[in-house]
Amino acid sequence: MQKPNAATKQQIKRLRELVQEATRVAVLTGAGISAESGIPTFRDAQTGHWSKFRPEELATPEAFRRNPDMVWRWYAERRSAVRAAKPNAGHFALSQLETSVPNFTLITQNVDGLHRRAGSQRLIEIHGNILRVRCFGGCVSYADWVEAEARGFTGRQGAASHQGSTGHQGATGSAVPELGSVPRCPECGDYLRPDVVWFGENLPEAGIEQAFTATEQADLFLSIGTSALVYPAAMLPQTAVQSGATVVEINPEETPLSAMVHISIRGTAAVVLPQLVD
Ligand code: BV8
């Protein structure tokens with residue numbers, strides 16, 4: 001991993017001062033903050049069997065309708081990679097920062113749940129969470145899939161968090177579904193799907209509203225590990241600039257944001273962020 005040069009060190013020192021002075025901090029993270037946990041970023045070339053697909057082609061309701069088995073398998077493989085991964089120093093630094101700043105909001109595009117596992121509480125998962133599933137038909141939402149699997153998936157399709165749902169045998173009545181066989185919602189028999197926001201789908205209303213409010217009120221906004229290409233999330237840093245916040249980007253590469261922000265630090269999350277917290 002490249003060592004920060006003198007200019008970067010100077011920028012990090014300035015960012016430390018900004019963090020100490022800030023009263024309302026909003027942070028947007030993208031797939032880059034999980035790269036050092038071994039999770040490929042969204043735009044990294046897909047590996048193995050998936051190399052012939054672009055994520056945007058798989059992460060859509062149309063792809064799921066067309067080939068539910070294939071899309072379910074893609075998520076099942078990513079889910080097991082995520083469960084095996086661990087939060088890195090960047091995730092832990094942000095959960096520490098949350099306790100030292102009076103008003104802190106962490107907005108993540110990531111669906112891997114690593115911020116929550118690192119202890120972040122003031123967290124908005126604007127694209128959902130791959131460890132949760134819900135009914136494709138929309139009739140019930142389910143608790144944590146991992147929990148349901150860990151409980152041996154006792155014939156009920158996941159731990160329905162929807163009150164009053166009957167725990168009767170699912171349509172398939174099967175045990176934990178193998179990779180690729182799509183489990184069914186016991187209420188309506190439709191497919192279960194990952195509880196993530198697909199391309200072409202709206203983001204959770206409450207979450208995105210809170211994210212924009214925190215951004216508009218922030219005096220310091222950090223954009224970490226995102227290519228700033230996916231909307232409406234990519235609007236957040238731009239909104240922060242327009243609302244008068246000091247905006248800082250942390251990314252080993254340049255992005256469309258780099259020319260727009262006050263400080264653009266060429267560094268990785270796991271190296272830069274721990275230097276902001278004692
Ligand atoms: C919406 C969950 C309203 C799924 C994701 C045409 C039709 C319909 C919509 C559109 C359209 N054209 C445009 C749109 C809008 C579309 C969009 O933005 N498309 C893009 C491709 C142009 N957006 C939507 O569809 C959104 N919904 O607009 O609803 C609507 C409704 C109907 C019709 C029209 C509009 C929904 C978007 C949400 C999609 N779901 N995730 C899943 O994960 O499977 S988004 C997905 O991309 C991930 O969540 C990911 O986080 C996110 C963004 O990518 P990044 O996080 O930035 O990751 P990326 O790989 O790109 O970059 C990583 C960065 O990290 C790099 O810069 C790299 O340099 C850096 N890095 C690498 N290592 C490190 C590092 N940084 C720090 N440290 C390191 N170590």
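The values are calculated or read from the model by the stated rules, or taken from the named source; none is laboratory data. Remember, it's a predicted structure, so these values are computed and weren't measured experimentally. Positions of Cβ are generated from backbone atoms using ideal geometry, with glycine treated the same way; all protein chains shown enter the neighbour counts.
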Could you please find all residues in the range 102-121 being assigned to a loop (DSSP other than H, G, I, E, B), modelled with pLDDT of 95 or more and surrounded by fewer than 20 Cβ atoms within 10 Å (Cβ to Cβ)? Gly119, Gln121
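Please go through the range 12-26 and give me each residue that is of a type in the set (Lys, Arg) and without any contact (Cβ under 8 Å) to a residue 40 or more places away in the chain, ordered by number.
Within the range 12-26, Lys13 is the sole residue that qualifies.
Yes or no, residue by residue, for (1) within 12 Å of the ligand (Cβ to nearest atom); (2) under 16 Å from Thr41 (Cβ atoms):
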residue	(1), (2)
Gln238	no, no
Gln242	no, no
Ala245	no, no
Glu249	yes, yes
Pro252	yes, yes
Thr255	yes, yes
Ser258	yes, no
Gln275	no, no
Determine which member of the set Arg14, Arg73, Arg43, Arg65 is out of contact with any helix residue (DSSP H, G or I) (no Cβ under 8 Å at 6 or more places or on another chain) and either within 15 Å of the ligand (Cβ to nearest atom) or outside any helix (DSSP H, G or I) (or both). Arg73
Search the range 98-114 for residues that are over 27 Å from Glu21 (Cβ atoms) and not assigned by TED's automatic domain parsing to the domain that holds Ala22 and pair each with any residue that is of a type in the set (Phe, Trp, Tyr) and within 14 Å of the ligand (Cβ to nearest atom) when their beta-carbon atoms are under 9 Å apart and the residues are at least 6 apart or on different chains. none
What single numbered condition from (1) within 14 Å of the ligand (Cβ to nearest atom); (2) not in a helix (DSSP H, G or I) fails to hold for Val271? (2)
Selection within the range 78-97 - surrounded by fewer than 16 Cβ atoms within 10 Å (Cβ to Cβ) and either closer than 23 Å to Thr23 by Cβ or not polar (S, T, N, Q) (or both): Ala81, Arg83, Ala84, Lys86
